Each structure stands twice: as C-alpha cells, then as structure tokens.
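The values are calculated or read from the model by the stated rules, or taken from the named source; none is laboratory data. This structure is a prediction, so every number in the text was calculated from the model and none was measured. Here the Cβ is made from the backbone with ideal geometry for all residues, glycine too, and neighbour counts use every protein chain on show.
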Amino acid sequence: MKNPILVLLFLAFGIPRVTAQNTLRPNMYYQNMHYYNAAAGIEDTSSRMSFSAYAKYKYVPANYDEYEDDDIWIKPVNLYFNHIYNINNKNSVNMSYIYDGYSFYNRNIIYLGYSRTFRWKKSNRLSLGGRAVVNFNSIDWERLGQITSPPSSGFRVNADLDAGIQYQYRGWTVGASVKNLFASSVKVNGQDLIKDQREIYGNFSYNFRMFKEKVELAPFLLFYSERNFNLDAGLNLGLYQKVNVSYAIRVFELRNIFTIRGNFLKRFQVGASFDYSIIYSDYNMDLLLAYRF
C-alpha cells in the first residue's frame, strides 16, 4: 500500500457506513428456520433430505436518497442454496451457499454444519446445532473510492461460527440462536474494512391443529438483534397440508410481509413473499423452490 495514511483515515471515518449494510433476511422462515437457527432441521420429520433454492430481490425507487434514509441499501439479487441430510433420527449435517452483494464488495458464503437431536417420551425434541461460516469477499477498490493506490488484489477471506438450540413439544417450537458469533471482520492495514455484526435470534410458535389436522393455525414470533432490535409477529394458516398463507409485521419497521407456499406431490414446495414498509421506501420479493424426500 503506497498511501497507508490515506487508507487509515478513510477506514476511521468510513466504517459507520460500511458496517450499516444489511445482511440477507429471508421472509419465508416459518417451518423453515435453518437460515436463522443452525439447530433447525427439516420440518417434515418423515423426510431424509432437503434441497432448497431461495432468491430475494430488493427494489428501491429511483428517487431514493441514501443520505436521508441510511437504513436502506441498494442490493443485487441475493441467492441462497441449502441442503440438509438426516443421517438418522438423531444426527444431521447441512451445507449452504449464499451470494450476497453490497455497494463496494460481493461475497460468496459457504456454511458447513451439524446438528444433534435428543428425543424423550413421545413428543419432546431438543436440537443443538452449529456451523462454520467462510466468507469469500471480493472488494472493488474503484467503487470504494478515496484510496489512490489500492492493493493489487481485492480478494479477502474471513470466517465465523453460527450456533443454535431448538425445543419442540407437540405444537410448541421455541428456539434461540446466534449468527456471526465472533463478529469477524476483514482488515486492511490493521483496521476493519468489513465488519460482520453479531446477530441474535429468538423464535417461538404454536401450531393449532384442527379438523383432523386438515386446518392448521399458528401464531409465530421472531425476535432479532443485529445493529438494532426488531420483532416479527405473524400468523400462518395451513390448509390440507397443501397450502400455507401467512401475514407478519416487522414491528419497528412497520413492514408488512405476505407469504404463500404450496406443497406438490408430497415432495416439491414453491413459495413467494412480498413485503413493504410504511416508513421505508424499499420493498422486497422472495421466491422459494424446494425438494425433499
């Protein structure tokens, strides 16, 4: 680095903007909590394997002013691929890939994880899970700006760990988890250029099964703490184990989230979600395609 003083000055004053960019936050998570909780497995206990593909598109109006609304970021489409394999009724392994883009860098993320389930009596299940996270970051020094003589390579790697616990009893599900446990970072000249925030989650739901399980009604909550606190409060309606529709509000963003998922041929699942906020200018479209057997 030819001008380390310039880099240090930029990092010192630029970090608040760098760390504020939002991570992937899937909206279709009820009965599919694995992204948020490493202990959560396949919701259908009769399935041995699960493959899923997830895409999230953020739309920001052309008249958006980033200096007036710094909680909103323009992002390319996020892609999330996940595979869970139940070795037996106690042990499970999983692998995931995420493509995540930001204003001046892109990252490819690999997850490798394991979970163990303890069962007792007829309906009690306690799952513990952890996974290693490796972030492959590609920094665009030109888009970053303010560095006259950037390093020759923008490729950087950092790693972290996710962990979770989930308890299920009949219709109850309660879980707690942490993502980016060590809050790792990408450093340049000893200063944090990219800082991954530690994320803490708590999930709760109860599934009321009615009319010989032809109808299911489930209130659910998802609490999270990243740069700030937020809470999703929602209600899911399931019909004939074929179709699920849900509504949730992300309370402190006043964001309305609508979701529909359909199960076909007992193995395929297709879903879509749309959200908008009363106080923020962006809105998001999520798409899900899954296969389990």
Could you please tell me which pairs satisfy a Cβ distance under 9 Å, a separation of 6+ or placement on different chains, a first residue in region 143-154 that is among the polar types (S, T, N, Q), and a second residue that is modelled with pLDDT under 75 and assigned to a helix (DSSP H, G or I)? Gln146/Leu6; Gln146/Val7; Gln146/Leu9; Gln146/Phe10; Gln146/Gly14; Thr148/Leu6; Ser149/Leu6; Ser149/Val7
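Here's the yes/no breakdown for (1) at pLDDT below 95; (2) surrounded by fewer than 19 Cβ atoms within 10 Å (Cβ to Cβ); (3) aromatic (Phe, Trp, Tyr); (4) under 14 Å from the mean Cα position of the chain (by Cα):
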site	(1), (2), (3), (4)
Tyr85	no, yes, yes, no
Tyr97	no, yes, yes, yes
Tyr114	no, yes, yes, no
Ser138	yes, yes, no, no
Those residues of region 225-238 which are of a type outside the set (Gly, Ala, Ser) and modelled with pLDDT of 95 or more amount to Leu231, Asp232, Leu235, Asn236, Leu237
Among the β-branched types (Val, Ile, Thr), in a strand (DSSP E or B) and surrounded by fewer than 16 Cβ atoms within 10 Å (Cβ to Cβ): which single residue out of Val178, Val245, Val186 fits that description? Val245
Return only the number of the condition from (1) touching a strand residue (DSSP E or B) at 6+ places or on another chain (Cβ under 9 Å); (2) at pLDDT 85 or above; (3) over 26 Å from Ser185 (Cα atoms); (4) not hydroxyl-bearing (Ser, Thr, Tyr) that Asp44 does not satisfy. (2)
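Given the options Val174, Val157, Val133, name the one that is of a type in the set (A, V, I, L, M, F, W, C), closer than 22 Å to Val245 by Cα and at pLDDT 90 or above.
Val174
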Could you please let me know if Leu265 is surrounded by fewer than 19 Cβ atoms within 10 Å (Cβ to Cβ) and either under 26 Å from Ile98 (Cα atoms) or among the small types (Gly, Ala, Ser) (or both)? no
